[in-house]
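Step one of this worksheet: look at the structure below.
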Amino acid sequence: MTSILTPAQRASFDRDGYILVRGFFDPEEAALLKRAMEADPAIRDNLYNRNDAKGATTKMVTWNHPGNSVYGMAVRSEKMVDTMEDLLGGEVYHYHSKLTAKDPLEGGAWEWHQDYGYWYHNGCMFPYMASAMAALDETNRDNGCLQVLKGSHHLGRIDHGLLDGDQVGADLNRVEQAEKQLETVYAEMAAGDVLFFHCNTLHRSDQNRSENRRWTMICCYNAARNNPYREHHHPRYTPLEKVANGAIKKAGLKFSDATHEGAFLKKAAAPAELTKKVGASFAQN
Ligand SMILES: O=C(O)CCC(=O)C(=O)O
């Protein structure tokens, strides 16, 4: 196994619920990923909007199965998969990946949530899941970088429900208390940096109020031993074929194909349990 984490980084993931790895993708790899995302017609054709409470929009594309595109190679690369296996304690499989694209002066905000707040409802019994957010552009406070509440994965799963806009978020009472007790960390990243975060880590991001684009690719994994007990809109256990790290550059500007990434999801479906509008009443209970 070739996890890229040092023992100290590995320990900080357990303590803090995230670890930011600078230069995880080198400049050539990061540029390939970005240019492919910009130029792949299938990405453009499958973009959908996700609105925040104020109507600002994040553009998204979501796919379940990594193929032989340059994104597929990044997601299947030994350095990525082995690191996830290190973090999740055993074999992992690809749960889905997505582009979250915040355009200049338009990109929408994300409310505080835990990914397991959604994934729990998909039949995933254990929080043995994590994501890797790869910066395709520079991400900072002005263009809406990800924020994490340090150590919030220790809170366990918090109830989630429908907030204003299209967003499902965490119980506002809990979030308010958590914000008082835990540090908010702004994950400012250069292109190629990757933030690994636990599925119970509370995270959010602001609108992009700057002239600079903020595109990121988020790759989500589940432990093989946590096979969801029911079918849903993301895959149950599907063996993941790792590739050598060099496969990313070898792929070059290879776009998605129809059978893998090409089977894009039209929109991330919200599990029925999360379609209840709770909004402000959350905070009054
Ligand atoms: O792109 C972002 O800022 C947040 C995305 C996110 O949290 C998600 O897709 O679950």
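Read-outs throughout are calculated quantities, based only on the coordinates presented, and are distinct from any laboratory measurement. These numbers were taken from a predicted model, which means no experiment stands behind them. Cβ: placed from backbone, ideal geometry, glycine included. Neighbour counts: every protein chain shown.
What distance in nm separates the two pseudo spin-label positions at ARG15 and GLU273, each 7 Å out from Cα along the beta-carbon direction?
It is 3.3 nm.
What is the order of CYS220, CYS199, fewest Cβ neighbours within 10 Å to most?
Listing CYS220, CYS199 from fewest to most nearby Cβ atoms yields CYS220, CYS199.
By count of other Cβ within 10 Å, fewest leading, how are ILE4, ILE19 ordered? Kindly include the intermediate steps, with their values, before the conclusion.
Values: ILE4 16, ILE19 23.
Least crowded to most crowded, the residues run ILE4, ILE19.
Treating only the Cα positions of the chain as identical point scatterers, give the base-10 log of I(q)/I(0) from the Debye formula at each q in 0.13, 0.15 Å⁻¹.
Log10 of I(q)/I(0), two decimals: -0.84, -1.18.
Note the per residue figure in Å³ for the convex hull of the C-alpha positions in region 23-172.
Once divided by residue count, the hull of region 23-172 is 139 Å³.
Would you order LYS150, LYS102, LYS79 from fewest to most other beta-carbon atoms within 10 Å of each residue's own beta-carbon?
Working: LYS150 16, LYS102 29, LYS79 19.
The order, fewest Cβ neighbours first, is LYS150, LYS79, LYS102.
At 222 nm, what value in deg cm²/dmol follows for the chain if DSSP H runs of at least 4 each add -39500 (n - 2.57) and the sum is divided by all its residues, to the nearest 500?
Per the formula, -6500 deg cm²/dmol.
Once you keep just the Cα pairs under 8 angstrom separated by 6 or more residues, what percentage relative contact order results for region 7-284?
35 percent
Give the cross-link partners of LYS242 among the aspartates and glutamates, using a straight C-alpha distance below 15 Å as the criterion and excluding same-chain residues fewer than 8 apart.
Output for LYS242: GLU78, ASP82, GLU85, ASP86, GLU91.
For GLU28 and HIS233, calculate 0.36 nm times their separation in residues minus their Cα-Cα distance, and state this gained length in nm to one decimal.
70.5 nm
Filter LYS102/LYS266; LYS98/LYS254; LYS98/LYS250; LYS59/LYS266; LYS34/LYS250; LYS54/LYS102 down to the pairs with a C-alpha to C-alpha distance above 20 Å, please.
Cα-Cα > 20 Å for LYS98/LYS250; rest within.
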